[in-house]
Amino acid sequence: MHEVTTVLQRLDLADRIAVEPAPRLRVEGFSEDTLVRSALERLARAAEVEPAWEARIWKRIPVASGLGGGSSDAATALRLAAETLPEPIGADGLSAIARSLGADVSFFLTSGPQLGQGTGAELSPLELPQDYWVVLVLPRDGRKDSTAAVYAAFDERDGGRGYDERRAELEQALAEIGRPRDLAALPPNDLASSPLGAELRDLGAFRADVSGAGPVVYGLFHHRERAAAAERELRSRGRTWLTVPTWYG
């Protein structure tokens, strides 16, 4: 495991999940799912009941893109299934299951932006501006390596060197954020980079970087008109979305 310090922010781009009691556990709509099934199995064990739910997933978030789609699906399935239990399992119980599934799952059980530390599951709420527009670009030839491969490459280039200084820089920048433009002062992503970041900045983004381990790249814009123009300009480069931050899951 690697120690991380990362800012987590929800976007108004979401999959849809439905969960209801059923004779047996079944997950439909997304054949590649593993996290939702695991989440429901672990919830059943924790609650000492049979895993008897049917979950259906409607995917909108691209798979393996660095946007946390699978993690958000698992967290949503946990919350929906927990509401059907004969005895409530409580927020602490759900959080423990989320942490066992992966660092990002815990985030999607919270509200608002969070600072993730340790493995990423140690969360602290952040007060960050939410009044800006977001352009997402999934490069046409974009391919995400496994998380293990991404961190192996990070280690090969001695990416951990200077981590304490970069963490202190991030914490200082977070303390000084008042307006959207202040987000530009946050340090760049240590795990991945993309030339699309420079293109987004040329198109008017006040900040642009890779999301998570990629390959999706985001650009933050003050005004919808410039964001929409940038999104149209970059459609030839891959899949694009125009969206906004959101506080709740």
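The values are calculated or read from the model by the stated rules, or taken from the named source; none is laboratory data. Every value quoted in this text rests on a predicted model; they were computed, and no experiment measured them. Cβ placement follows ideal geometry from the backbone for every residue including glycine, while neighbour counts extend to all protein chains displayed. In case anyone asks, the SASA skips ligands and DNA or RNA and just uses the protein heavy atoms, side chains included. Shrake-Rupley method; radii C 1.70, N 1.55, O 1.52, S 1.80 Å.
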Given (1) free of Cβ contacts under 8 Å to residues at least 60 places away in the same chain; (2) in a loop (DSSP other than H, G, I, E, B), index of the condition Trp247 fails: (1)
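Going by the conditions given, is Leu196 open to solvent by 30 Å² or more (accessible area, probe 1.4 Å), in contact with a Gly (Cβ under 9 Å, 6 or more places away or on another chain) and of a type in the set (A, V, I, L, M, F, W, C)? Can you show your working first?
Numbers: open to solvent by 30 Å² or more (accessible area, probe 1.4 Å): no; in contact with a Gly (Cβ under 9 Å, 6 or more places away or on another chain): yes; of a type in the set (A, V, I, L, M, F, W, C): yes.
No: the conditions fail for Leu196.
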Filter result (surrounded by fewer than 13 Cβ atoms within 10 Å (Cβ to Cβ) and under 30 Å from Thr240 (Cα atoms)) within the stretch 59-93: Arg60, Val63
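Considering only residues that are open to solvent by 40 Å² or more (accessible area, probe 1.4 Å) and either in contact with an Asp or Glu (Cβ under 9 Å, 6 or more places away or on another chain) or part of a loop (DSSP other than H, G, I, E, B) (or both), which ones fall in the stretch 217-240? Give the steps one after another, and end with the answer.
Our first condition is that a residue be open to solvent by 40 Å² or more (accessible area, probe 1.4 Å); within the stretch 217-240, this holds for 218, 222-226, 229, 232-233, 235-237, 239.
Hits for the stretch 217-240 are Tyr218, His222, His223, Glu233, Arg237.
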Leading residue by the ranking (least open to solvent (accessible area, probe 1.4 Å)) among those in the stretch 158-188 that are touching a His at 6+ places or on another chain (Cβ under 8 Å) and more than 15 Å from Thr6 (Cα to Cα): Pro180
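Before we move on, is Ala44 out of contact with any strand residue (DSSP E or B) (no Cβ under 6 Å at 6 or more places or on another chain), surrounded by 17 or more Cβ atoms within 10 Å (Cβ to Cβ) and more than 26 Å from Val216 (Cα to Cα)? Even if it seems obvious, please write down each step before you answer.
Values: out of contact with any strand residue (DSSP E or B) (no Cβ under 6 Å at 6 or more places or on another chain): yes; surrounded by 17 or more Cβ atoms within 10 Å (Cβ to Cβ): yes; more than 26 Å from Val216 (Cα to Cα): yes.
Yes, satisfied.
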Single condition Ser100 does not satisfy, out of (1) under 16 Å from the mean Cα position of the chain (by Cα); (2) touching a residue at least 40 places away in the same chain (Cβ under 8 Å); (3) open to solvent by 20 Å² or more (accessible area, probe 1.4 Å); (4) more than 30 Å from Glu233 (Cβ to Cβ): (1)
